[in-house]
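These notes concern the structure reproduced below.
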Amino acid sequence: MRSQVRAADLLPLATVGIRSRPLRAALSTLGIAIGIAAIVAVLGITRSSQADLLSRIDRLGTDLLTVANGTRVGGDEARLPEHAAVGVARTPGVRKVTATAGVPHVQVFRTDRIPAYRGGGIEVRATEPALLDTLDGQLATGVFLNEATGRYPVAVLGHDAASALGIIRVDPGTRIRVGEHWFTVAGVLRPLELAPEVDRAVLIGLPVAAEYFAYDGHPTRLYVRTDTARTAAVAGLLGRATNPVEPSSVTVSRPSDALASRLIVAGSTTSLLLGLGAVALLVGGVGIANMMVIAVLERRTEIGLRRALGAARRHIAAQFLTESLLLSALGGAAGTLLATAITYAVAAYRGWQPLIPATGVWAGLAAALVIGVAAGLYPATRAARLNPTDALRTS
């Protein structure tokens, strides 16, 4: 009668080694667990980060362009024409445009008691009242500049500038020292992710900048909102629209590209970390193979007895191969649970929506099973080739 092993009996047989030496089995599966946890956690954290970044890009919009003064062919700094905003506004596809200008060599202090050498880091920027609407910005407190207040010593603070000056909210008596003049603070902006230079600036009106700080009327930066579908085409036209005489001296950029480039960086970093996870998984497979080889040597008596009682070579091989698969599966399950916990913890800390790709989980578990098969082939083959007489005599 042909010898057979029922599937119901194979699992208990395969767990003999695991149940008899649980600590060694746990240590052997640790490498697999670490490798799977690294792979799944990297994919989960990266996917959560990318989803948050994409939602931020969608929320902020990709239709904002900035136009700044660049350099001439000789290397000298170029200047934007006084009426650059007018030419840009006439460009097809442009919805809004606002001109701003940096006011150099003007320091900002909270009071007039601070020495001049303690200043720095806060820029004074003259702007039109339409800046807030063009940037889709919001006020944390107070009001923005208008046609009336832009003619008087009134300022609006960017988020970082307000933090540096220690101003959280404004009232009629809130003032700052801009150069040699006192300015009343009318409002504080919320952070503008696409315009960090505005966050660090004190905003004043163009007329008062000309009166107090000799502003010559040449803007240094334009903010342009376009029709979303035509943003790329408009970007190619803005150089000539801004400065028809020297279009090459104009620098046009899209702030959202900086956010989008972070997706590329995240992708390259993910590949590196996945490689490290694969190395850990391979090390875990070597650990399981080593354990299985030792198990075969330690259980020669058991193997010989089972062979003497009628077990075929394929039954012995199936027993040890199943044991290797179980160790890998346990490591894969533990690693997946660990990766899920890590992903949720990081996402909660960073304020992201946690996302764990199902393909990453299944790929990790499949890799663990493949490692289990590869690690168990040699020990299973070696156990199956043992002669029962020799095994019993050696024991």
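For this structure, a couple of remarks:
- Subset of region 1-20 that is in contact with a helix residue (DSSP H, G or I) (Cβ under 8 Å, 6 or more places away or on another chain) and either exposed (fewer than 14 other Cβ atoms within 10 Å of the Cβ) or not in a helix (DSSP H, G or I) (or both) - its residue that is modelled with the lowest pLDDT: Ser3
- Listed by first and then second residue, the pairs linking a residue in region 32-45 that is farther than 22 Å from Asn290 by Cβ to a residue that is open to solvent by 30 Å² or more (accessible area, probe 1.4 Å) and aromatic (Phe, Trp, Tyr), with Cβ atoms under 9 Å apart and 6 or more places separating them unless they lie on different chains, are Gly44/Tyr344; Ile45/Trp352.
- The residue that is farthest from Ala89 (Cα to Cα), among those in region 218-271 that are open to solvent by 70 Å² or more (accessible area, probe 1.4 Å), of a type in the set (Lys, Arg) and modelled with pLDDT of 80 or more, is Arg254.
- Consider region 300-319 and keep the residues that are among the hydrophobic types (A, V, I, L, M, F, W, C), part of a helix (DSSP H, G or I) and open to solvent by 30 Å² or more (accessible area, probe 1.4 Å). The one that is farthest from Val16 (Cα to Cα) is Ala308.
- Filter result for Ala363 (under 16 Å from the mean Cα position of the chain (by Cα) and either at positive phi or aliphatic (A, V, I, L, M) (or both)): no
- Every residue from region 199-217 that is open to solvent by 10 Å² or more (accessible area, probe 1.4 Å) and in a helix (DSSP H, G or I): Asp199, Leu206, Pro207, Ala210, Glu211, Tyr212, Phe213
- Number of positions in region 320-363 that are aromatic (Phe, Trp, Tyr), assigned to a helix (DSSP H, G or I) and open to solvent by less than 60 Å² (accessible area, probe 1.4 Å): 1
- Any chance Val97 is of a type outside the set (Lys, Arg), under 16 Å from Leu203 (Cα atoms) and either touching a residue at least 24 places away in the same chain (Cβ under 8 Å) or in a loop (DSSP other than H, G, I, E, B) (or both): no
- Residues satisfying the stated conditions in region 151-164, i.e. part of a helix (DSSP H, G or I) and surrounded by fewer than 20 Cβ atoms within 10 Å (Cβ to Cβ): Arg151, His159, Asp160, Ser163, Ala164
- Sole exception among (1) under 17 Å from Gly102 (Cβ atoms); (2) in contact with a His (Cβ under 8 Å, 6 or more places away or on another chain) for Val188, by number: (1)
The values are calculated or read from the model by the stated rules, or taken from the named source; none is laboratory data. Computed from a predicted structure; not experimentally measured. Cβ sites come from the backbone with ideal geometry, for glycine too, and all protein chains shown count toward neighbours. Keep in mind that these areas ignore ligands, DNA and RNA; they rest on the heavy atoms of the full protein, side chains included. Shrake-Rupley method; radii C 1.70, N 1.55, O 1.52, S 1.80 Å.
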